[in-house]
Amino acid sequence: MDADRLKAIPLFKGLSKNQRERVSTWADEVNLEPGKHLVEQGEFAHEFFVIEEGSAEVIVDGDRVDALGPGDFFGEIALLETERRTASVVATAPLRCIVMHARHFSSMEQSMPEVAEQIRQAIRRRLGNR
């Protein structure tokens, strides 16, 4: 994944170039077609997604509850604690996402605890705004 593209994403914007380069080694990029289910409600959470391009909808118990677009992230509970997914997320347009698995976030916490904490704080701020 290209570290320079992380700068355009609010969650990673405050990181230095060196920090973004290191984070990019733990992140993957995926392209998905409309209708693709990224996460399923009730399944265990193992990864975290940040939308670069496209859109998706959040579905809880069969009802659409939110729309997501560039800069939005989901699956953050996978980074904070082991828990089942609280919602499903389905692509509504061609989607490009950055994906970080929980085990990679753990690796980042060990080698770059200050960066992991910055990301955790951003996630907590977002969760507090809901």
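The values are calculated or read from the model by the stated rules, or taken from the named source; none is laboratory data. Owing to the predicted nature of the structure, the values given are computational and were not obtained by experimental measurement. As a convention, Cβ positions derive from the backbone with ideal geometry for all residues, glycine included, and neighbour counts pool all protein chains shown. Accessible surface areas use protein heavy atoms only, side chains included; no ligands, DNA or RNA. Shrake-Rupley method; radii C 1.70, N 1.55, O 1.52, S 1.80 Å.
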Would you check if E43 is over 19 Å from R120 (Cβ atoms) and open to solvent by less than 90 Å² (accessible area, probe 1.4 Å)? no
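For region 75-108, which positions are touching a helix residue (DSSP H, G or I) at 6+ places or on another chain (Cβ under 6 Å) and either aliphatic (A, V, I, L, M) or crowded, with 16+ Cβ neighbours inside 10 Å (or both)?
Within region 75-108, E76, A78, L79, A102, F105, M108 qualify.
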Selection from region 14-23 of residues over 17 Å from F105 (Cα atoms), basic (K, R) and surrounded by 12 or more Cβ atoms within 10 Å (Cβ to Cβ) yields none
V65 vs (1) of a type outside the set (D, E); (2) under 18 Å from D2 (Cβ atoms); (3) touching an Asp or Glu at 6+ places or on another chain (Cβ under 9 Å); (4) surrounded by fewer than 14 Cβ atoms within 10 Å (Cβ to Cβ): all pass except (2)
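Yes/no matrix, rows are residues, columns are (1) farther than 14 Å from I98 by Cα; (2) assigned to a helix (DSSP H, G or I):
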| position | (1), (2) |
| --- | --- |
| A8 | no, no |
| L11 | no, yes |
| W26 | no, no |
| N31 | no, no |
| P34 | yes, no |
| G42 | yes, no |
| F48 | no, no |
Please go through region 17-49 and pick out each residue that is touching a helix residue (DSSP H, G or I) at 6+ places or on another chain (Cβ under 6 Å) and without any contact (Cβ under 8 Å) to a residue 24 or more places away in the chain. R20, E21, S24
Within region 114-127, is even one residue modelled with pLDDT of 80 or more and either outside any helix (DSSP H, G or I) or buried (at least 18 other Cβ atoms within 10 Å of the Cβ) (or both)? no
Index of the failed condition, D2 passing every other in (1) out of contact with any helix residue (DSSP H, G or I) (no Cβ under 9 Å at 6 or more places or on another chain); (2) loosely packed, with under 14 Cβ neighbours inside 10 Å: (1)
Would you say E52 is touching a Pro at 6+ places or on another chain (Cβ under 7 Å), surrounded by 18 or more Cβ atoms within 10 Å (Cβ to Cβ) and in contact (Cβ under 8 Å) with a residue 40 or more places away in the chain? yes
